[in-house]
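The structure appears right after this line, and notes come after that.
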Amino acid sequence: MTTIYRKSKGLQDVPMHYCPGCSHGIVHKLIAEVMEEMDLIQQAIAICPVGCSVFAGSYFACDAIEAAHGRAPAVATAVKRTHPNQPVFTYQGDGDLASIGAAEIVHAAMRGEHFTTIFINNAIYGMTGGQMAPTTLLGQRATTAPGGRTKEQAGCPMRVAELLSTLEGLVYAERVCVVDIPHLNQAKRAIRKAFEKQMAGEGFTFVEVLAACPTNWGMDPIGANRWLMEHMAEYYPLGVVKEV
Amino acid sequence: MAIHLTFQRDLCKGCQLCISVCPKHILELDSAANRKGYRPAVCRDESACIGCASCGKICPDSIITITKD
């Protein structure tokens with residue numbers, strides 16, 4: 001009997017707490033598979049965020065550190081500078097990275113720190129109950145924007161990959177999603193390329209994943225993926241944003 | 001060559017993403033709930049499975065194992 005597919009060894013054998021259809025579990029799996037294929041599980045160090053993925057360190061089979069809210073890039077800077085030969089990555093949501101941690105990620109990219117950031121953009125605050133995030137689309141409803149986000153009150157959503165790509169220290173930024181198998185495969189290739197560039201010492205690498213939050217969007221998982229492609233992918237175009 | 005799908009029934013959350021990507025349309029939700037209270041995904045015709053592993057790749061909870069004899 002041969003195995004065609006099984007759970008990656010880059011993940012621990014514990015159930016995940018995520019809601020049904022949440023993209024976090026899929027992205028965890030892709031990172032784990034890349035670590036397994038590149039034989040990095042024993043060396044990699046994950047820096048975990050605050051938010052829905054606060055327990056990510058309990059799911060990855062590699063070492064992990066939990067950072068204060070938004071400060072994962074600062075912790076990753078220290079870890080990478082003291083362990084320059086080990087792969088280091090931060091895993092951050094949009095509330096963590098684009099809001100309270102905006103300064104940390106911008107300055108880490110400016111300095112060209114040699115770690116990778118996996119940025120989960122689901123256009124909402126998940127764990128705290130669906131509040132408006134910097135990435136919430138115009139017109140999208142949130143508990144703090146019950147009539148939908150307006151440009152007059154909250155400005156336009158932040159395109160983080162494009163924003164960071166203006167900085168010289170960033171060598172690779174790509175935006176992907178995981179709604180179906182072709183997009184999922186592309187997301188995995190992007191994560192692998194980011195790790196490869198990090199290990200080659202090229203600079204800061206960034207992968208933004210458009211993710212579904214069916215619970216806080218008030219949709220079923222398949223409907224959420226459809227909404228993501230129809231609305232999020234229109235404002236946040238998929239593809240390589242910068243590659244040096 | 002027979003392909004076998006194994007679902008960890010009690011870890012399934014019934015999100016149906018596996019059902020949405022199966023090219024052979026052989027996955028469905030069970031009529032009975034699992035221990036979590038979700039109706040888990042099951043394969044109704046394993047003999048039609050082509051072993052593409054799409055269901056396993058997209059499962060957010062990584063509960064699907066695919067083998068062949």
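The values are calculated or read from the model by the stated rules, or taken from the named source; none is laboratory data. Bear in mind the structure is a predicted one, so any value in this text is a computation, not a measurement. FYI the Cβ positions are ideal-geometry reconstructions off the backbone, even for glycines, and counts take in every protein chain you see. SASA here: full protein model, heavy atoms, side chains in, ligands and nucleic acids out. Shrake-Rupley method; radii C 1.70, N 1.55, O 1.52, S 1.80 Å.
Miscellaneous remarks
- All positions within the range A:1-57 that are touching a Gly at 6+ places or on another chain (Cβ under 7 Å), open to solvent by 10 Å² or more (accessible area, probe 1.4 Å) and within 14 Å of another protein chain (Cβ to nearest Cβ): A:Ile4, A:Tyr5, A:Met16, A:Tyr18, A:Pro20, A:Glu33, A:Glu36, A:Cys52
- The C-beta contact set for the range B:4-22 (first residue farther than 22 Å from B:Ser47 by Cβ, second residue among the hydroxyl-bearing types (Ser, Thr, Tyr), distance under 8 angstrom, 6+ apart or interchain) comprises B:Lys13/B:Tyr38; B:Gly14/B:Tyr38.
- So A:Thr128, is it free of Cβ contacts under 8 Å to residues at least 12 places away in the same chain, of a type in the set (Ser, Thr, Tyr) and open to solvent by 10 Å² or more (accessible area, probe 1.4 Å): no
- From the list B:Cys18, B:Cys22, the one residue that fits, being among the hydrophobic types (A, V, I, L, M, F, W, C), closer than 20 Å to A:Asp13 by Cβ and open to solvent by less than 50 Å² (accessible area, probe 1.4 Å), is B:Cys18.
- Some residue of the range B:12-29 being facing chain A (nearest Cβ under 7 Å), basic (Lys, Arg) and part of a loop (DSSP other than H, G, I, E, B): yes
- Within the set A:Val34, A:Val50, A:Val79, A:Val54, the sole residue that is of a type outside the set (S, T, N, Q), touching a residue at least 24 places away in the same chain (Cβ under 8 Å) and assigned to a loop (DSSP other than H, G, I, E, B) turns out to be A:Val50.
- Exclusive hit being open to solvent by 60 Å² or more (accessible area, probe 1.4 Å) and without any contact (Cβ under 8 Å) to a residue 24 or more places away in the chain, set B:Glu46, B:Glu28: B:Glu28
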